Amino acid sequence: MSYVDGFVIAVPTANKEKFLAHAREFDPMFLEFGATRVIEAWGDDVPRGQVTDFFRAVQAKDDETVVFSWVEWPDKATRDAGVKKMMEDPRMDPSASPMPFDGKRMIFGGFTAAFELTR
């Protein structure tokens, strides 16, 4: 079974192309450091709930789109080593390429695959 890092982000809708350019620049580093797959999913059919929802989770504003992303790793050890290498890599310096969204409102976490069904 694999290990997955999940992310939910509020991105200004006007910054979609900037976000995708940022992802194209940085996401290959995940693969370089051991990830097997990276997905960036731009919100398309994200309902607003009555109690909780993705919008509330990241305090999305009316002019923002919710992005759901995940990185698949072969296992947690590979993920831990890969993330450590990324954080030490000078390409990750935020002053060189700032994030096109408010990183303080991003939610993220690591998950051990408990069940997997494929076709």
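If you count only protein heavy atoms with a 1.4 Å probe, what accessible area per residue comes out for the chain, rounded to a whole Å²?
Per residue, the chain has 66 Å² of solvent-accessible surface.
About the Cα centre, and with charges only on the beta carbon of Lys, Arg (+1) and Asp, Glu (-1), how big is the dipole of segment 28-119? Nearest 20 debye, please. Could the numbers behind the result be given before it?
Working: 12 positive and 16 negative charges, 50 e Å.
Charge dipole, segment 28-119, about its Cα centre: 240 debye, nearest 20.
Quickly rank 36-47, 5-16 as a protection proxy: mean count of other C-beta atoms within 10 Å, highest first. Please list the in-between numbers first.
Values: 36-47: 12.8, 5-16: 17.9.
Ranked from most to least packed, the peptides come out as 5-16, 36-47.
Helix-only mean residue ellipticity at 222 nm, the chain, DSSP H runs n ≥ 4 weighted -39,500 (n - 2.57), per residue, nearest 500. What is it?
Details: 3 runs with 34 residues, N = 119.
One gets -8500 deg cm²/dmol as the mean residue ellipticity at 222 nm.
Estimate the FRET efficiency between Arg56 and Ala114 by the formula 1/(1 + (r/R0)^6), using the beta-carbon distance for r and 35 Å for R0, to the nearest 0.05.
On the way: r = 25 Å, r/R0 = 0.73.
Efficiency at R0 = 35 Å is approximately 0.85.
Using a 1.4 Å probe on the protein chains only, how many percent of the accessible area of segment 24-78 belongs to carbon and sulfur? Please report the intermediate quantities before stating the final value.
Details: 1840 of 3540 Å².
For segment 24-78, the apolar C and S fraction of the accessible surface comes to 52 percent.
Taking 0.36 nm per intervening residue step and subtracting the Cα-Cα distance, what contour gain separates Met99 from Thr78 on full extension? Mind dumping the intermediate values first?
Values: separation 21, 0.36 × 21 = 7.56 nm, distance 2.49 nm.
Full extension from Met99 to Thr78 adds 5.1 nm.
Over all alpha-carbon pairs of the chain, lay out the pair-distance distribution in 10 Å bins, whole %, shortest bin first.
Final binned percentages: 13, 41, 35, 12, 0.
Run the quick spin-label model on Glu17 and Trp42: label points 7 Å from Cα toward the beta carbon, then report their separation in nm to one decimal.
1.1 nm
First obtain the Kirkwood hydrodynamic radius of segment 9-68 from its Cα pairs, then insert it into the Stokes-Einstein equation at 20 °C and 1.002 mPa s, and state the resulting D in µm² per second as a whole number. List each step's numbers first, then the result.
Details: Rh = 12.7 Å.
In µm²/s, the coefficient is 168.
The values are calculated or read from the model by the stated rules, or taken from the named source; none is laboratory data. Predicted model, so just to flag it, every value in this text is computed and none were measured. When we count neighbours, we look across all protein chains shown, and the Cβ atoms used for this are built from the backbone with ideal geometry, even at glycine. Please note that ligands, DNA and RNA were not included when accessible areas were found on the heavy atoms of the full protein model with its side chains. Shrake-Rupley method; radii C 1.70, N 1.55, O 1.52, S 1.80 Å.
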